[in-house]
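**Q** One structure, pasted below without further comment.
The values are calculated or read from the model by the stated rules, or taken from the named source; none is laboratory data. What you are looking at is a predicted structure, and each value in this text was computed from that prediction instead of being measured. Here the Cβ positions follow ideal geometry from the backbone for every residue, glycine too, while neighbour counts run over all protein chains shown.
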Amino acid sequence: MSDASPSATERLHDLIAAARKAGADAAEAVSSERRAASVGVRNGDLEDVEREESRDIGLRVFVGRRQATVSASDLSQTTLDRLVERAVAMARLAPDDPYARLAEPDQFSAPPYPDLELFDPSDRTAADLEAAAAQAEAAALSVPGVARSEGGHASHSTSEWRLVTSAGFDGTYRGSAFSLGVGVIAEKDGAMERGGESRSTRWLSDLPDADSIGQEAGRRAVARVGARKISSTTAPVIFENRVATQVLSPLLGAISGPSVARGVSFLKDRLGQKVLPGGVDLIDDPFRTRGLGSAPFDDEGVAVQRRNLVDDGVLTTWLLNLASAAQLGLASTGHASRGLAGPSGVSTHNLHLSPGQADAEALRRQAGTGLLVTSMFGPSLNANTGDWSAGVSGFWFENGDLAHPVSEVTVAGNLIDLWARLVAGSDLEFRGGFNSPSLLFDAVAIAGK
């Protein structure tokens, strides 16, 4: 996808000018262009092909402290004229929002922006995608013990995002994504277990090859065969690095500015206090080269920066957009996130937990006997207290050695207490927008048979 054309730029500026002429005191316009293709195969045969090309636009207008947001995918002038009329009319009827605002020029992320290498011009045809998906599936099916396929899938997408505001911000950036994955079922003595592997990267050259993805999917499925229940107990639990972020993700909701402002957060009184063990950092980096969450500015045009959300175990900040920052009497931290419709929420960029010294095997040796969690489902959280539980499956280990696969168990605890006893492994891998090494927690409640 090429850079935003002059007509696209003019369209956003024209929308803002029209909104101001129609009675808006301020306005922002965003545009999103996306091209995507995905292919699925099953047993070597083509199963589905999807292709998407979209161009959408969103407009937020302010009349005093009242605001309204509208969006459209029809970019004809007639539709855009109606869009402006509807937005201004809605804003006039909306209730006052004392915290609604646009970023001021001194908050802007100013060009030139760093080259984050978010866009790879490489292309993948439907035939390329089908071949990669079929190869990954074939590699998975070749693993001894794999009985059948749940399908392979491959996709490629490009996108471009542009934001223009009446306060003077005008910014755009492009991104690309390549993904490949496969799911299979392993069987032994009538027992069946699912396993899979998938990866997504900004650049095609960073995507693991189809054979390695397929073989890993098959290996994970076969290793799960023969899973059994265990008796309820209290024991050490290790969350594999692939799922460990799910134990940490409630922290992000708890430090979200809107949640803190509403008082719906079990960490609302913990700013400046230890929430993780000393020596552990939780780092948010919008500037990671080729990062899936990288961006030169947030979705309100505010400058972004690398931050230790947790530094040496201490919670240092809330995640703030303009509105939640105003409500809390603070400044935006550059974490605004929005779609085309509705006001901004908050989200992180590229997040990771700092690794420790022990590899996965050493963590098991340290724990002795316990549960290694490799998949998780149905987590439940009390946002006011931090009480948490989740259904899990994985492996029971004894004296540091894997003993047998385990399924149909639940782990539970209070996250404030659990996080205080966290031990991070050394096996940090950057696979997505949020990454963590394996995490060991001692004395976790396990509900089984």
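**Q** If Leu372 satisfies every condition in (1) out of contact with any helix residue (DSSP H, G or I) (no Cβ under 9 Å at 6 or more places or on another chain); (2) surrounded by 23 or more Cβ atoms within 10 Å (Cβ to Cβ); (3) among the hydrophobic types (A, V, I, L, M, F, W, C) but one, which is the exception?
**A** Against the list (1) out of contact with any helix residue (DSSP H, G or I) (no Cβ under 9 Å at 6 or more places or on another chain); (2) surrounded by 23 or more Cβ atoms within 10 Å (Cβ to Cβ); (3) among the hydrophobic types (A, V, I, L, M, F, W, C), Leu372 comes up short only on (1).
**Q** Shifting gears a bit: Might you let me know whether the range 112-130 holds any residue that is touching a Phe, Trp or Tyr at 6+ places or on another chain (Cβ under 8 Å), surrounded by fewer than 19 Cβ atoms within 10 Å (Cβ to Cβ) and modelled with pLDDT under 95?
**A** Within the range 112-130, one or more residues are touching a Phe, Trp or Tyr at 6+ places or on another chain (Cβ under 8 Å), surrounded by fewer than 19 Cβ atoms within 10 Å (Cβ to Cβ) and modelled with pLDDT under 95.
**Q** Need pairs with beta-carbon distance below 8 Å; first residue part of a helix (DSSP H, G or I) and within the range 247-276, second charged (D, E, K, R); sequence gap 6+ or separate chains.
**A** Hits for this filter: Ala254/Lys268; Ser259/Lys268; Val260/Lys268.
**Q** Identify, from the list Asp298, Asp312, the residue that is among the charged types (D, E, K, R), buried (at least 19 other Cβ atoms within 10 Å of the Cβ) and in contact with a Gly (Cβ under 6 Å, 6 or more places away or on another chain).
**A** Of Asp298, Asp312, the one residue that is among the charged types (D, E, K, R), buried (at least 19 other Cβ atoms within 10 Å of the Cβ) and in contact with a Gly (Cβ under 6 Å, 6 or more places away or on another chain) is Asp298.
**Q** Can we say Asp97 is within 30 Å of Val63 (Cα to Cα), in contact with a strand residue (DSSP E or B) (Cβ under 7 Å, 6 or more places away or on another chain), in a loop (DSSP other than H, G, I, E, B) and not hydroxyl-bearing (Ser, Thr, Tyr)?
**A** It is true that Asp97 is within 30 Å of Val63 (Cα to Cα), in contact with a strand residue (DSSP E or B) (Cβ under 7 Å, 6 or more places away or on another chain), in a loop (DSSP other than H, G, I, E, B) and not hydroxyl-bearing (Ser, Thr, Tyr).
**Q** Listed residues Phe430, Phe434; which is touching a residue at least 40 places away in the same chain (Cβ under 8 Å), touching a Ser or Thr at 6+ places or on another chain (Cβ under 9 Å) and of a type in the set (Phe, Trp, Tyr)?
**A** On inspection, the qualifying residue turns out to be Phe434.
**Q** Here is a check on your reading of the model: is Arg199 outside the structural domain of Gly425 (by TED's automatic domain parsing), outside any helix (DSSP H, G or I) and modelled with pLDDT of 95 or more?
**A** yes
**Q** Please work out if Leu402 is exposed (fewer than 15 other Cβ atoms within 10 Å of the Cβ) and either in a helix (DSSP H, G or I) or not basic (Lys, Arg) (or both).
**A** Yes: the conditions hold for Leu402.
**Q** If I filter the range 353-369 down to residues being in a helix (DSSP H, G or I) and surrounded by fewer than 15 Cβ atoms within 10 Å (Cβ to Cβ), which single residue comes out as nearest to the chain's Cα centre (by Cα)?
**A** Once the filter is applied, the top-ranked residue is Glu361.
**Q** Oh, and also: Restricting to the range 73-93, give me the number of residues that are surrounded by fewer than 18 Cβ atoms within 10 Å (Cβ to Cβ) and not basic (Lys, Arg).
**A** Residues that pass the stated criteria total 12.
**Q** Being surrounded by fewer than 19 Cβ atoms within 10 Å (Cβ to Cβ) and in contact (Cβ under 8 Å) with a residue 24 or more places away in the chain is true for just one of Arg148, Arg224. Which residue is that?
**A** Values: Arg224 fails: surrounded by fewer than 19 Cβ atoms within 10 Å (Cβ to Cβ).
Answer to the check: Arg148.
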